[in-house]
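Below is one structure, written out as structure tokens, with a few remarks after it.
The values are calculated or read from the model by the stated rules, or taken from the named source; none is laboratory data. Remember, predicted model here, so these are calculated numbers, not experimental data. Note: ideal-geometry Cβ built from the backbone for every residue, glycine included; neighbour counts use all protein chains shown.
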């Protein structure tokens, strides 16, 4: 019988980075094969670890899970796992449209040496609360040695994980953390808010906010961990926020949070998150290409078209990331 995972919620600390999938700089069509830029994948993984990330998650939405072939997904994941060399846990993205294929992929990632799984859920139709719980129970039963990092994205999976569902998921010991929703709501008047969900999991699952909300979650709940996709534009400002929060230099943390929030201005068109998902993948590719910290390459079909106007917004977001990375890199060297 396989040994259960040794990873616990307390093992998630600092900044959990979501790595974009580097693709070769070439013309991409539906006939393209073997698109992964293996050298850049290894370089980007090494850079993120050296620059302070404490975990790496792969193949969510902007990680191009829906547009990679299975062979490309294996190549990409194996490269990250090999480069990481157990220095930080790697959570491989195994989500598919059904439980059986998900488990089959997860077993291959386990055999590659990944310590955990970034787990969304089937999204052709939204799952009921009961089916969400059963889905994760089945995966945990079949792969007890793999830690599970939930992916709670309202748009990608057509609904949030509800508070009452979090109560049941918290009973599954392999589930140690969650990439919590982009919109962190606090309220005592309704369920399915961050405060209700934190109470529901009773410390058994670490509900990670984005870097833009980390200050608030730290102030309210002492949370010592966040998820960040902005590390792909340069992790120095996120690490500066980490250091400020760890030392409880809260005024400094507020200033850095405002700077990080500017990196997201214009990303969600008119505040419409459903519309944001329409061009999320090519937008993030253009954004991080402009930032210059890594080389994401072009987006893959069918999620590759983006309007020229949105490209300009993405480039501006990337320019801000580059400037902030340079600023906090200089400060870190000076310190």
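A single entry from 218, 246 fulfils the requirement of being more than 21 Å from the chain's Cα centre (by Cα) and either farther than 19 Å from residue 318 by Cβ or at pLDDT below 95 (or both): 246. Residues that are at pLDDT 90 or above, part of a loop (DSSP other than H, G, I, E, B) and touching a helix residue (DSSP H, G or I) at 6+ places or on another chain (Cβ under 8 Å) within segment 154-180 comprise 161, 162, 170, 172, 173, 174, 180, listed in sequence order.
Residues of segment 305-318 that are surrounded by fewer than 16 Cβ atoms within 10 Å (Cβ to Cβ) and touching a residue at least 24 places away in the same chain (Cβ under 8 Å): 305, 307, 315, 316. Of the residues screened, residue 93 is one that is in contact with a helix residue (DSSP H, G or I) (Cβ under 7 Å, 6 or more places away or on another chain) and closer than 26 Å to residue 217 by Cα. Residues in segment 28-78 that are touching a residue at least 60 places away in the same chain (Cβ under 8 Å) and farther than 26 Å from residue 177 by Cβ: 28, 29, 30, 32, 35, 37, 40, 43.
Restricting attention to segment 121-135 and to residues that are farther than 17 Å from residue 167 by Cα and buried (at least 19 other Cβ atoms within 10 Å of the Cβ), the residue that is nearest to the chain's Cα centre (by Cα) turns out to be 121. Restricting attention to segment 81-110, which residues are within 15 Å of the chain's Cα centre (by Cα) and surrounded by fewer than 24 Cβ atoms within 10 Å (Cβ to Cβ)? Listed by number, the residues that qualify are 88, 89, 95.
Looking at residue 15, is it in contact with a strand residue (DSSP E or B) (Cβ under 7 Å, 6 or more places away or on another chain), at pLDDT 95 or above and in a loop (DSSP other than H, G, I, E, B)? The answer is no for residue 15. Considering each of 45, 41, 21 in turn, give the residue that is crowded, with 21+ Cβ neighbours inside 10 Å, farther than 26 Å from residue 276 by Cβ, in contact with a helix residue (DSSP H, G or I) (Cβ under 6 Å, 6 or more places away or on another chain) and modelled with pLDDT of 95 or more. Just one listed residue meets the conditions, 45.
Restricting attention to segment 136-146, the residues that are in contact with a helix residue (DSSP H, G or I) (Cβ under 9 Å, 6 or more places away or on another chain) and in a loop (DSSP other than H, G, I, E, B) total 3.
Given 148, 139, which one is closer than 23 Å to residue 226 by Cβ and either touching a strand residue (DSSP E or B) at 6+ places or on another chain (Cβ under 7 Å) or surrounded by fewer than 18 Cβ atoms within 10 Å (Cβ to Cβ) (or both)?
148
On inspection, residue 149 does not qualify as under 15 Å from the mean Cα position of the chain (by Cα) and part of a helix (DSSP H, G or I).
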